[in-house]
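S.K.: Supplied in structure tokens, the structure appears directly below.
Readers should treat all values here as calculations from the given coordinates under stated rules, not as data from a laboratory. Predicted model, so just to flag it, every value in this text is computed and none were measured. We place every Cβ from the backbone using ideal geometry, glycine too, and count neighbours over all the protein chains shown.
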Amino acid sequence: MLYTRVCQVLGIRYPIVQAGMASYAGPELVAAVSNAGGLGLLGGVDRDVDNLERAIDAVRERTDRPFGVNLVLAEPHLHKLDLLIAARVPVIATSWGDAAHACERAHAAGLRVLHQVNGEQEAARAVRAGVDVVAAQGSDGGGHIGRIGTLALVPAVVDAADGTPVIAAGGIADGRGLAAALALGAEGAMLGTRFLATQEAPVARAWKEALLAAGTVDAWQSPVPDVVWEVAWPGADSRVLANDVIRRWHGREAEIPSQREQIAALIDAAKEAGNVREMVAYAGQSVGAIHDILPAGEVVERIAREAAAVLRERATLVEREPVAERGGSASA
Ligand SMILES: Cc1cc2nc3c(=O)[nH]c(=O)nc-3n(C[C@H](O)[C@H](O)[C@H](O)COP(=O)(O)O)c2cc1C
């Protein structure tokens, strides 16, 4: 079975992390992933302190394994950080900002910090801040993303991290993706979209089914959601399913501000109604490799098993005799 430094540092069995995805990553999902030997991350960005405290309690009612909570540092987060420290949440998973303060507080309390970055300079800054694990998030991913694709980003971040363990995020949905991340020098993977298509994810059934129906080309990088919600995280766009509302406004962002409140209200109402054509349904390009809605624990086990099988099978390629010795001749 796979075991890397990330397993050791985070206290988990498999180097598989379920991404913090705001309130789309709820206690049932987090606990199911952690119980299966991965690391579940509760989303923290759109919960207030009381809601977050209740959600942490709900995770603890369901698992005694390590888990984490995601905080977006570009948003007000200091009261939430106080809560995570007081509640002794094992892993504080930060993104979109400077992790130095979170590291100082977490390490003084004996807790770990996993910080997500979108470029190698950011990775170097995170390592200087003392993070325990760096997540390199490629623009293939769902939700808020940067500009560099996972395949190019991960090795650059591994080099910049200078020995601090790295996990890859963005576009990974199965064991092949985890094996590829390991080949790039990462020591694990963080998956968001794959875990939305699970029984425990608290999102509309229609959203989960739309993930199964979608192909890689259907997950668009678009500024539309952030223009509607007036979110400005430095360097971030969103990757979402290209549904009716996104296709209607993509490329016409300048027209949004004058009708912003009405558009936001329609999107919120669509979310309430589970209308996947008119809501903002975040999704990564990994949708192309998602074909079933499974229990989250089964996703963890399947990915770990598949990745080990892929690595064993690919290793046999190295042992093959050189082409020339097989009698083949290449003519130019
Ligand atoms: C529905 C959804 C919500 C997300 N919300 C957050 C968030 O609140 N904070 C964060 O740091 N990343 C968030 N992300 C990004 C994930 O942390 C992760 O980088 C991404 O899901 C990896 O790509 P993948 O979706 O292809 O697996 C979100 C992703 C999705 C799909």
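S.K.: For a quick check, take a GNM of the chain with Cα springs below 10 Å and name the residue from Thr316, Thr63, Thr94 with the largest mean-square fluctuation.
M.R.: Thr316
S.K.: Highest GNM mean-square fluctuation, the chain, Cα pairs closer than 10 Å: which of Arg105, Arg252, Arg13?
M.R.: Arg252
S.K.: Tell me the relative contact order for the chain as a rounded percent, counting alpha carbon contacts under 8 Å between residues six or more apart.
M.R.: On the way: 714 pairs, mean separation 56.4, N = 332.
So the answer I get is 17 percent.
S.K.: Order of 262-269, 182-189, 158-165 by packing, highest average Cβ count within 10 Å first?
M.R.: Details: 262-269: 14.5, 182-189: 22.9, 158-165: 17.5.
Descending packing order for the listed peptides: 182-189, 158-165, 262-269.
S.K.: Further question on the same structure: Considering only Ala232, Ala201, Ala124, give the residue with the highest GNM mean-square fluctuation for the chain, with springs between Cα atoms whenever their separation is below 10 Å.
M.R.: Ala232
S.K.: Net charge near Ala309: determine it from the other residues with C-beta under 14 Å of the C-beta of Ala309, scoring Lys and Arg +1 and Asp and Glu -1.
M.R.: Here the count lands on +1.
S.K.: Okay, next question. Name the residue farthest towards the positive end of the dipole of segment 90-163 from the options Val134, Ile145, His101, assuming +1 on Cβ of Lys and Arg, -1 on Cβ of Asp and Glu, about the Cα centre.
M.R.: His101
S.K.: Something else: Would you calculate the separation in nanometres between label points at Asp244 and Arg205, each defined as 7 Å from the Cα along the Cα-to-beta-carbon direction?
M.R.: 2.0 nm
S.K.: Dipole magnitude of segment 163-318 about its Cα centre, charges +1 at Lys/Arg Cβ and -1 at Asp/Glu Cβ only, in debye to the nearest 20? Write out the running numbers ahead of the final one.
M.R.: On the way: 15 positive and 20 negative charges, 78 e Å.
Roughly 380 debye for segment 163-318.
S.K.: For a quick check: sort Leu42, Leu311, Leu10 by the number of other beta carbons within 10 angstrom, fewest at the front.
M.R.: Details: Leu42 28, Leu311 16, Leu10 24.
Ranking Leu42, Leu311, Leu10 by Cβ neighbours within 10 Å, fewest first, gives Leu311, Leu10, Leu42.
S.K.: Right, another one. Under 5 Å between amide hydrogens, which residues at least 5 positions from Gly284 or on another chain qualify, with H placed 1.01 Å from N in the peptide plane?
M.R.: Gly142, Thr193
S.K.: Only bridges with both residues in the chain count here: give the DSSP antiparallel percent, nearest 5. Display every interim value, and only then the final one.
M.R.: On the way: 8 of 39 bridges.
That works out to approximately 20 percent antiparallel.
S.K.: Assuming R0 = 56 Å, can you tell me the calculated FRET efficiency for the pair Ala265 and Arg312, based on Cβ-Cβ distance, to the nearest 0.05? Could you put the intermediate results ahead of the total?
M.R.: On the way: r = 53 Å, r/R0 = 0.94.
According to the calculation, E is roughly 0.60.
S.K.: Going by amide H atoms built from the backbone, whose H comes under 5 Å of the H on Thr94, apart from near neighbours?
M.R.: Leu71, Leu114, His115, Gln116
S.K.: A further question on this structure: How do Ser95, Ser258 rank when sorted from fewest to most other Cβ atoms within 10 Å of their own Cβ?
M.R.: Working: Ser95 25, Ser258 9.
Lowest to highest Cβ neighbour count: Ser258, Ser95.
S.K.: Specify which residue in the list Met190, Val280, Val228 is farthest towards the positive end of the charge dipole of segment 189-332, using unit charges on the beta carbon of Lys, Arg (+1) and Asp, Glu (-1), about the Cα centre.
M.R.: Of the candidates, Met190 comes out farthest on the positive side.
S.K.: Using the Kirkwood formula over every pair of different C-alpha atoms, what hydrodynamic radius in Å results for segment 186-243? Don't jump to the answer; show the numbers that get you there.
M.R.: Details: mean 1/r = 0.0757 Å⁻¹.
Computed over Cα pairs of segment 186-243, the Kirkwood hydrodynamic radius comes out at 13.2 Å.
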